């Protein structure tokens, strides 16, 4: 065909810009990953392929500690935020609008609206006082802060799932004399589960990614992986940071791909 | 309504509150409540070594715009502060406009793919969005720094002889913010375009509209809600950006976020820092309220 059919949805130049955008999004990430395999320390020239920086990062105790701490916090934050978000989603969906509903929405979604730096400063001031009063210095502050800002990320997919669910199955269970608890346990919860898993995964990723709030809330020696990296950026940058970033990147992408596939499965059903 | 029905409704409402309480508690302690403390702190006196002293004062708020002259205690406009505010607003607006200019074609491109490949393109936009902000900032740093990819390529091609000094300038912060926040513009634009009935375009062309007319009269009005949502999603975090200006601006090209941090670190003026935080919060809230009003009006029109 010499003459392409006139397509109404084609706008001249748009595809070119879009492809350019995708390239611009991914070239820096690939560059970052590529340099993690570079033998040279200078990062200005390519000295050959090696896994030295991964080995180095793996043997770095600070990195190990920070990674472990990041995972512990993210796990707790994901569990706590998903638990409370599930309850809140059950409370705020599938019933008649009531007074105060907007208030609940605003509070739950607050972390999406308030700039992170403002929350970070607020928590710094608040926890500084609590630390003086109680003397407790542990990870609890970070877990609480992370749980709080993860709530909306866990809440939204769970709520979306609940709103799309068929009420008739639960009515059927009730008609068959199932107690409300048994209905919830054997009908609602299994149906809701994909939403809960999706919410927990998003919460986990969001907690793992946080820099600003953690940087302000952490006590001495409580670096997470991102705050450790931020601290390193001020000093000499070595490909070790690239190696850590790449590893974290692979973990995030693996989680997201799983999320994507679960969601697709859901849509099909 | 019968009494039984009424009882059932009030029981349902009570349950809703019980179920929401744990989430509300966590957010009150871990996010909303401390904001009230910041508000109080903004009206107190600065302590000598950080923290505050109890005593009412408007110095924190006054300090946003004015500084006391060290010799005769008169108030003078704080030029350094104004520079930082101006940079924050300028860079945030530029970021918003530029992300739209490249994000709109991208969203359109994704929305017009076949139903089979569309989720994959969408996924490709989502990955950077969920990737650690610090990693993405660091990735763009790899490209624009003095010995980075961009300079290396340009020098190899012989287009420049000395490396371009992009890093640690406003331009670097701008490039970084566009890179980091672009998905936030593309996703709502895509949502708006995706709902759009392409037959309207056909109708437009059938009635002899030119491409430009179709773009202006049909496409833009339909994209508008996505544009407004995307602009809010990009503008709000840009204004409060902290990590990107810190890494790419190198401590000199500060934005409001870094300026706030400074008040709690070496600068040690907690009330000023608290007042600045509140100011940022107020600006963001106004932007969101304007958006909500707009969105409600749109809903009412449909």
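The values are calculated or read from the model by the stated rules, or taken from the named source; none is laboratory data. Keep in mind that what you see is a predicted model, and the values were worked out from it rather than measured. Here Cβ is always computed from backbone atoms with ideal geometry, including for glycine, and neighbour counts include all displayed protein chains.
Some notes on this structure:
- Which listed residue is within 24 Å of residue A:158 (Cα to Cα) and either more than 8 Å from chain B (Cβ to nearest Cβ) or without any contact (Cβ under 8 Å) to a residue 12 or more places away in the chain (or both), from A:99, A:64, A:56: A:99
- Those residues of segment A:202-227 which are more than 10 Å from chain B (Cβ to nearest Cβ) and surrounded by fewer than 23 Cβ atoms within 10 Å (Cβ to Cβ), in sequence order: A:218, A:219, A:220, A:221, A:222, A:223
- Just one residue in the set B:280, B:262 is within 24 Å of residue B:176 (Cβ to Cβ), within 18 Å of the chain's Cα centre (by Cα), at pLDDT 85 or above and surrounded by 15 or more Cβ atoms within 10 Å (Cβ to Cβ); that residue is B:280.
- 1 or more residues at pLDDT 95 or above, more than 14 Å from chain A (Cβ to nearest Cβ) and at positive phi: qualifying helices (runs of 4 or more DSSP H) within segment B:33-139: none
- Scanning segment A:108-123 for residues that are surrounded by 21 or more Cβ atoms within 10 Å (Cβ to Cβ) and either out of contact with any helix residue (DSSP H, G or I) (no Cβ under 8 Å at 6 or more places or on another chain) or part of a helix (DSSP H, G or I) (or both) yields a total of 10.
- Taking every residue in segment A:146-166 that is within 12 Å of chain B (Cβ to nearest Cβ) and pairing it with any residue that is surrounded by 24 or more Cβ atoms within 10 Å (Cβ to Cβ) and not in a helix (DSSP H, G or I), at least 6 positions away or on another chain, yields no pair with a Cβ-Cβ distance below 6 Å.
- On inspection, residue B:38 qualifies as touching a helix residue (DSSP H, G or I) at 6+ places or on another chain (Cβ under 8 Å) and either without any contact (Cβ under 8 Å) to a residue 12 or more places away in the chain or surrounded by 15 or more Cβ atoms within 10 Å (Cβ to Cβ) (or both).
- Given (1) more than 8 Å from every other protein chain (Cβ to nearest Cβ); (2) touching a helix residue (DSSP H, G or I) at 6+ places or on another chain (Cβ under 6 Å), index of the condition residue A:241 fails: (1)
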